[in-house]
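Visitor: Please see the structure below; I have some questions.
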Amino acid sequence: MKLLNSLVAVSCITVSVFAADALIKQAKDAGLEPIPTKQKDLMKIIDSDSNKITPAKVELGKKLYFDPRLSKSNLISCNTCHNLALAGADLVPAAIGHKWTANPSHLNSPTVYNAVFAKSQFWDGRDPHLEAQAQGPIQAMPEMAASKELIEQRINSIPEYVNEFKKIYGKESKIDLKLVADTIAVFEKTLTTPSRFDDYLNGNEKALTKDEKEGLKVFIDKGCATCHNGIALGGTMQPFEVAGKYKHAELGGFKGNKDGHIKVPTLRNILETAPYYHNGAIWDIKEAIAEMGKIQLGVELNEKEVNAIATFFNSLTGTKPKIEYPILPASTAATPKPEAN
């Protein structure tokens with residue numbers, strides 16, 4: 001009897017391990033990828049020869065990220081719309097910028113966390129690089145509203161900033177908007193949030209609960225991973241309203257790029273970054289899931305399926321890097337004054 005019980009126990013364990021391994025394989029076959037566990041492997045993905053990550057660059061980039069003097073008014077920083085204490089977003093439907101202006105297309109601020117894993121930046125995917133993306137909001141009138149010349153005058157009027165740039169990039173380096181944005185991007189590249197989902201894909205079958213695994217299987221079987229894949233679980237340009245009309249399509253009137261494609265938002269930390277969709281029109285994650293099923297997959301997800309997918313999303317809430325708010329260098333008499341107009 002003891003031998004029989006042992007064989008049954010071994011058989012159950014084998015089936016359990018096989019099932020777990022099968023789901024991990026199914027997830028990877030569907031294009032889902034984990035954040036690497038080893039720093040050297042992660043660096044191969046997030047670093048680049050054209051803009052190498054160094055501790056000094058990260059620290060300077062962090063200061064610039066939090067510095068509201070990169071805006072015309074001295075009131076808005078990168079962190080205003082991409083608040084690192086709020087999952088890298090701003091938790092309002094449309095981004096609010098200069099003179100309390102809402103984005104004219106009612107576009108929602110995407111999270112900055114894990115943006116390095118995205119293949120496209122901006123909702124219309126007009127650039128693949130964080131370096132170029134960092135230049136956009138600084139100069140956009142509904143956002144930070146600063147000119148290239150104003151930013152360069154401000155930074156070059158602050159000796160501490162000048163010394164840091166020269167120390168990092170060399171005494172002959174020109175401190176222009178591009179270099180400022182490149183340095184901000186280096187800091188942003190470090191904002192990755194590994195989660196239990198990554199532990200699971202990396203082989204820890206106990207990292208997800210039974211219900212989360214069931215949700216992952218529904219997520220894959222229903223076709224959600226067709227667009228929400230890769231390390232970012234999103235971040236590529238895809239056709240929108242493939243199978244139906246988005247019920248809030250007219251809010252803001254945004255139609256995507258010239259092909260009607262819209263950037264797929266990352267699902268990492270999705271439960272912390274409401275409201276959802278490019279125009280921030282839906283606040284409830286279950287409503288967002290059901291709507292996506294209709295307009296992209298052409299299916300009516302039932303309540304059980306929606307709940308299962310939402311449960312899986314719990315595993316995507318990651319560990320945020322510890323960020324210490326920087327003390328910014330003082331302005332001087334030569335620093336251009338803020339403008340509210």
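Only the coordinates and a few stated rules stand behind these numbers; no lab work does. Since the structure is predicted, the reported quantities are computational estimates derived from the model, not experimental observations. Note that each Cβ is placed from the backbone with ideal geometry, even for glycine, and that neighbours are counted across all protein chains shown.
Visitor: Taking the Cα atoms only, what angle lies between the long axis of helix 159-169 and the longest principal axis of the chain, rounded to 10 degrees?
Guide: Helix 159-169 sits at roughly 60 degrees to that axis.
Visitor: Could you work out the relative contact order of region 42-189, using alpha carbon pairs under 8 angstrom and six or more residues apart, expressed as a whole percent? Numbers along the way, then the final one.
Guide: On the way: 218 pairs, mean separation 43.4, N = 148.
That works out to 29 percent.
Visitor: Only helical DSSP H runs with n ≥ 4 go in: add -39500 (n - 2.57) per run for the chain, normalise by residue count and round the 222 nm mean residue ellipticity to 500 deg cm²/dmol. Could you put the intermediate results ahead of the total?
Guide: Details: 12 runs with 132 residues, N = 341.
After summing the helix terms and dividing by residue count, I get -11500 deg cm²/dmol.
Visitor: Right, here's the next one. Mind putting a number on the dipole of the chain about its Cα centre? Charges go on the C-beta only, +1 for Lys and Arg and -1 for Asp and Glu, and I need it in Debye to the nearest 20. Display every interim value, and only then the final one.
Guide: Numbers: 41 positive and 40 negative charges, 106 e Å.
Roughly 500 debye, rounded to the nearest 20.
Visitor: Right, another one. Using packing as a proxy for protection, rank 227-233, 320-326, 198-204 so that the peptide with the highest average count of other Cβ atoms within 10 Å comes first. Let's see the in-between values first.
Guide: Numbers: 227-233: 22.1, 320-326: 11.4, 198-204: 17.7.
Top of the packing list down: 227-233, 198-204, 320-326.
Visitor: So who's got an amide H within less than 5 Å of the one on LEU32, skipping anything under 5 residues away but keeping other chains? H placed 1.01 Å off N, in plane.
Guide: For LEU32, the qualifying residues are GLY230.
Visitor: With θ taken as phi - 60° and the coefficients 6.51, -1.76 and 1.60, list the Karplus ³J(HN,Hα) couplings across region 126-142 in order, rounded to whole Hz; mark glycine and proline as x.
Guide: Along region 126-142, the couplings run 6, 8, x, 10, 4, 4, 6, 4, 5, 6, x, x, 4, 9, 5, 4, x Hz.
Visitor: Follow-up. What lysines sit close enough to LYS72 to cross-link, taking a C-alpha to C-alpha distance under 18 Å and skipping anything fewer than 8 places away on the same chain?
Guide: Here the lysines satisfying the reach criterion relative to LYS72 are LYS63, LYS99, LYS148, LYS178, LYS337.
Visitor: So, one more: Spelling out what I want: for every residue of region 232-237, take phi, set θ = phi - 60°, compute 6.51 cos²θ - 1.76 cosθ + 1.60 (Karplus), and round to whole Hz; glycine and proline get x.
Guide: 6, 6, x, x, 10, 8
Visitor: Hey, got the dipole for region 42-189? About the Cα centre, +1 on K and R Cβ, -1 on D and E Cβ, debye to the nearest 20? Mind dumping the intermediate values first?
Guide: Values: 18 positive and 17 negative charges, 35 e Å.
I would put it at about 160 debye.
Visitor: Ranked highest first by average number of other Cβ atoms within 10 Å, how do 278-291, 33-46, 328-341 line up?
Guide: On the way: 278-291: 19.1, 33-46: 14.1, 328-341: 11.7.
Answer by packing, highest mean first, reads 278-291, 33-46, 328-341.
Visitor: Now, a different point. With θ set to phi - 60°, apply the Karplus curve 6.51 cos²θ - 1.76 cosθ + 1.60 along region 285-299 and write out the HN-Hα couplings as whole Hz, x wherever there is a Gly or Pro.
Guide: Rounded to whole hertz, the list is 5, 5, 5, 5, 5, 4, 5, 5, x, 5, 7, 9, 9, x, 10.
Visitor: Let me ask something additional. Do you know the relative contact order of the chain, to the nearest whole percent, from alpha carbon pairs under 8 angstrom that are 6+ apart? Working shown, then result.
Guide: On the way: 580 pairs, mean separation 83.1, N = 341.
24 percent.
Visitor: Once you charge only the Cβ atoms, +1 for Lys and Arg and -1 for Asp and Glu, what is the size of the charge dipole of region 124-171 about its Cα centre, to the nearest 20 debye?
Guide: Details: 6 positive and 8 negative charges, 54 e Å.
Result for region 124-171 is approximately 260 debye, rounded to the nearest 20.
Visitor: Estimate the FRET efficiency between SER48 and LYS337 by the formula 1/(1 + (r/R0)^6), using the beta-carbon distance for r and 35 Å for R0, to the nearest 0.05. Walk me through the numbers before you get to the answer.
Guide: Numbers: r = 36 Å, r/R0 = 1.04.
Efficiency at R0 = 35 Å is approximately 0.45.
Visitor: Now for a different question. Which entry in (1) 0.94; (2) 1.04; (3) 1.00 is this structure's computed Rg/Rh (Cα atoms, Kirkwood Rh)?
Guide: Given (1) 0.94; (2) 1.04; (3) 1.00, the structure-derived one carries the label (2).
Visitor: Moving on. Go through ILE168, LEU233, THR37 and say which Cα lies farthest out towards the positive end of the charge dipole of the chain; charges sit on Cβ, +1 for Lys and Arg, -1 for Asp and Glu.
Guide: Towards the positive end, the residue furthest out is ILE168.
Visitor: Between GLN26 and LEU271, how many nm apart are label points set 7 Å from Cα along the C-beta direction?
Guide: Here the answer is 2.1 nm between the modelled labels.
Visitor: If you don't mind, there's one more thing I want to ask. So what's the gap between the Cα centers of region 224-244 and region 292-334, to the nearest angstrom?
Guide: So the separation of the two Cα centres works out to 15 Å.
Visitor: Long-range amide H contacts for ILE282: which residues qualify at under 5 Å (H placed 1.01 Å from N, peptide plane, sequence gap of 5 or more or a different chain)?
Guide: Long-range HN contacts for ILE282: TYR276.
Visitor: Ok, one more. Roughly what would the spin-label model give for LYS38 and VAL92, points 7 Å off Cα along C-beta, in nm?
Guide: Between LYS38 and VAL92, the simple spin-label model gives 4.5 nm.
Visitor: For the charge dipole of the chain, defined by +1 on Lys and Arg C-beta atoms and -1 on Asp and Glu C-beta atoms about the Cα centroid, which residue among GLY88, CYS224, ILE270 has the Cα displaced farthest towards the positive pole?
Guide: Most positive-ward Cα: GLY88.
Visitor: Please list, or write none, the lysines whose alpha carbon is within less than 24 Å of the alpha carbon of LYS258, excluding same-chain residues fewer than 8 places away.
Guide: LYS119, LYS245, LYS247, LYS294
Visitor: Another question, then. How would you rank ARG154, ARG196, ARG268, going from fewest to most other Cβ atoms within 10 Å of each one's own Cβ? Intermediate results must be reported in sequence, preceding the final value.
Guide: Details: ARG154 23, ARG196 19, ARG268 31.
If I rank by nearby Cβ atoms, fewest first, I get ARG196, ARG154, ARG268.
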